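Written out below as structure tokens is the structure these notes cover.
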Amino acid sequence: MWETEAHGARANTDIVTKEIASILRARGSDEARLPDLVEQSWKRCLTDYNLLPDAVPRASVLSHSEIRLRMEEREEFMRIAEPEVERLFRQLVDSEYLVSLATTEGAMVLFRCDYQYLGELAGSGVIPGSVWSEDQQGTNGVGTCLRVGKPVIIAGTQHYGAAIMRLTCLTAPVLGRGGAIESVINVTTARHADARVNRMVQNIVTRSARRIENGYFGRLNRRNLMLRIVDDGAITDLADEGRLALDDHGRILDGASFTSQLLGQSLDDLAGQSAEELFEMDRALSEIRPDTPISLTYRGRSLQAVLSLPEAPRRVLPRVVAATRRPAPLAEEALRINPILSQALDRARRLLSVGLPVVVTGETGVGKTAFAKAVAQVDPLDIVYIDCAAPDRRAELDLLIQRLHVGQKSCLVVDRIDEMDEPFQTALLAALESDRQSGSNLVGLIGISTKDLDQLVAENRLRPDLMQRLNGGQVTLANLRSVPDLEATIQDLFAMEREALGKPGAVLDEDALRMLSHYHWPGNLRELRNCLRHAVALAEDRRVGLQHLPETIVAKIAGKDLTARSQSEASKIEAALRYNGGNVSLTARYLGVSRATLYRKIQIQKARGEA
């Protein structure tokens, strides 16, 4: 009986292995066999999840409010993770990588991507809020990392779903108490890279995950003694530390996961041991000078460490003001219409809150001024707004100087830096230097420009010393064409405009929405808001249709022979082809049409494009 069952299990395994080999051959994969970790995931997809490679569902997407809720629920963790995600993105941005942080459900809540690659990745469903679980999307970087709890590389055809097999995903888990997964840090690219490059980037990702883990471990154990250990040399990088939390008697309470790897013992075995005995210390912990390097001996090995004292609890003063949450002003509400803009706003506010100047760049009409003023509201500061192209700019600067003399904190918003003349640059630099040298730090600084500061310096339009004073952190706002879900953005802005004009029951009809979704919006957010305001104002009943849109926009689309209906169909076909990896047969089945009909529609669209 047992032999029969074992034979049946082997036969079933052989069938699954043959099916995997068949899928790889059909894809033209160079791999004779998948890496073991990937192969086990594929087997789960076939036997446990009953997924078909050509019919894996598109990743579900959290709404903007759901993303914010998850970030607010883990606010303390996100405050530690976000700077590292930004750091990793800056490190990899020139290599066309997206960087994201996913929750334990696989939802990408922190999302950093160069806007020129956003549309390409969105075609595969990789957008802010997309949820990547292995049981729903098959083998993928985030989902499989969550399943196995260790760093994962899923390259190209190693993805189970056909629609995402052009991607390469490199992930690492961020572990918390008891080895539980807190999140996954993910790097994705749509370009091919060889195995050596993937391993190199994987190592960078793993170290980033370790920095977040150690930072969060330190935060959770801030009321305990902390022993920070490195294998050799000085402590220079958070990723190289093993961390142990100690009680008042020097016994080990807990440790970060890398500590186990560093010492070769499980955290369960370390817990309860005396640090003085474990590391053969020649003096008591109480005699060690805090935050000073010390030498330790562990099983014959020489280690370096630093002892950190518990953080003193801060006195919390009672608040007089009732803790009611004020609704966001309309300007800020408009800036939170998609997760990328919302995260950019939060990031800029955090930079400003720690005294760093912020420079906001982007095309005309993307909302740079409204964004900067919303960022300036991070503290109850008076905002001094200077338009460098306005004739009264010197008067506004004089107002700032007067406030500095009486010790009044202000946030200076300098618009159109690229139009600042030499005399005004000199005067502005003098005011900023005066504040710095006095040590008062009364000025928060936000600059606005259509061009990068380095470019302005190269063109001799900005003083290098002023550039250095402005260059704390840069936020580039994407153009409207780069928004992954333009229809949702249009609907959100439409809802704001109808409320503002006192027409809460107004509805944007399907033809108008289709028309707006396929306009190129050279004026970006400003042009879209003006267009929607125009339409809502002209509508006499609840329905807002094509006849209410500005004639100039309708004429531009008509002039290109792109009616809303035909353009919508072309976009659906293009999106479906991307989703199905360019496979025409699968795309026809996906759209519910015959293969011949789909070929005919594609040829019609090609002919229109060439006309």
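The values are calculated or read from the model by the stated rules, or taken from the named source; none is laboratory data. This is a predicted model, so every value here is computed, not measured. Neighbour counts are summed over all protein chains in view; Cβ atoms, including those assigned to glycine, are modelled from backbone coordinates with ideal geometry. Note: accessible area is taken over every heavy atom of the protein model, side chains too, but ligands, DNA and RNA are not part of it. Shrake-Rupley method; radii C 1.70, N 1.55, O 1.52, S 1.80 Å.
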The stretch 96-130: number of residues that are open to solvent by 20 Å² or more (accessible area, probe 1.4 Å) and either of a type in the set (A, V, I, L, M, F, W, C) or touching a helix residue (DSSP H, G or I) at 6+ places or on another chain (Cβ under 7 Å) (or both) | 8
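Take the conditions open to solvent by 70 Å² or more (accessible area, probe 1.4 Å) and modelled with pLDDT of 85 or more and apply them to Glu487. Does it pass? Talk me through it step by step, then tell me what you get.
Details: open to solvent by 70 Å² or more (accessible area, probe 1.4 Å): yes; modelled with pLDDT of 85 or more: no.
Against the criterion (open to solvent by 70 Å² or more (accessible area, probe 1.4 Å) and modelled with pLDDT of 85 or more), Glu487 does not qualify.
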Only one of Arg228, Arg223, Arg199 is open to solvent by 50 Å² or more (accessible area, probe 1.4 Å), closer than 23 Å to Glu277 by Cα, in contact (Cβ under 8 Å) with a residue 40 or more places away in the chain and not in a loop (DSSP other than H, G, I, E, B), namely Arg228
Looking at (1) over 18 Å from Leu341 (Cβ atoms); (2) at pLDDT 85 or above; (3) open to solvent by less than 50 Å² (accessible area, probe 1.4 Å); (4) touching a strand residue (DSSP E or B) at 6+ places or on another chain (Cβ under 7 Å), which is the only condition Ser410 fails?
-> (2)
Tell me, which residue of the stretch 24-52 that is surrounded by fewer than 17 Cβ atoms within 10 Å (Cβ to Cβ) and hydrophobic (A, V, I, L, M, F, W, C) is modelled with the highest pLDDT?
-> Leu52
Keeping to the stretch 260-296, report how many residues are in contact (Cβ under 8 Å) with a residue 60 or more places away in the chain and β-branched (Val, Ile, Thr).
-> 0
Of the residues that make up the stretch 54-77, is at least one open to solvent by less than 20 Å² (accessible area, probe 1.4 Å), modelled with pLDDT of 90 or more and over 15 Å from the mean Cα position of the chain (by Cα)?
-> yes
Answer with yes or no whether Asp237 is under 25 Å from the mean Cα position of the chain (by Cα) and surrounded by fewer than 16 Cβ atoms within 10 Å (Cβ to Cβ).
-> yes
Inspect all residues belonging to the stretch 536-552 and state whether any of them is within 18 Å of Asp485 (Cα to Cα), open to solvent by less than 80 Å² (accessible area, probe 1.4 Å), in contact (Cβ under 8 Å) with a residue 12 or more places away in the chain and touching a Lys or Arg at 6+ places or on another chain (Cβ under 9 Å).
-> no
In the stretch 244-266, the residues that are surrounded by 19 or more Cβ atoms within 10 Å (Cβ to Cβ) and either in a helix (DSSP H, G or I) or at pLDDT below 90 (or both) | Ser257, Phe258, Thr259, Leu262, Leu263
Number of the exception - Glu86 against (1) under 27 Å from Leu356 (Cα atoms); (2) in contact with a Ser or Thr (Cβ under 7 Å, 6 or more places away or on another chain) | (2)
Hits in the stretch 461-484 (condition: assigned to a helix (DSSP H, G or I), open to solvent by 20 Å² or more (accessible area, probe 1.4 Å) and either in contact with a strand residue (DSSP E or B) (Cβ under 7 Å, 6 or more places away or on another chain) or more than 20 Å from Gly447 (Cβ to Cβ) (or both)) | Arg481, Ser482
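Residue by residue through the stretch 343-393, note down the ones that are among the acidic types (Asp, Glu) and either modelled with pLDDT of 85 or more or outside any loop (DSSP other than H, G, I, E, B) (or both).
Within the stretch 343-393, Asp346, Asp382, Asp387 meet the criteria.
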Answer residue from the stretch 79-96, given it is among the aliphatic types (A, V, I, L, M) and at pLDDT 85 or above and is farthest from Arg68 (Cα to Cα) among those | Leu92
Name, by its number, the condition in (1) modelled with pLDDT under 90; (2) charged (D, E, K, R); (3) surrounded by 18 or more Cβ atoms within 10 Å (Cβ to Cβ) that does not hold for Asp291.
-> (3)
Can you name the helices (runs of 4 or more DSSP H) wholly within the stretch 55-133 that have at least 1 residues being over 21 Å from Ser208 (Cα atoms)?
-> 64-73, 115-122
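Could you check the stretch 132-159 and list, in sequence order, the residues that are of a type in the set (A, V, I, L, M) and either open to solvent by 20 Å² or more (accessible area, probe 1.4 Å) or free of Cβ contacts under 8 Å to residues at least 24 places away in the same chain (or both)?
Here is the first cut: in the stretch 132-159, the ones of a type in the set (A, V, I, L, M) are 142, 146, 148, 152-155.
Within the stretch 132-159, Leu146, Val148, Ile153, Ala155 meet the criteria.
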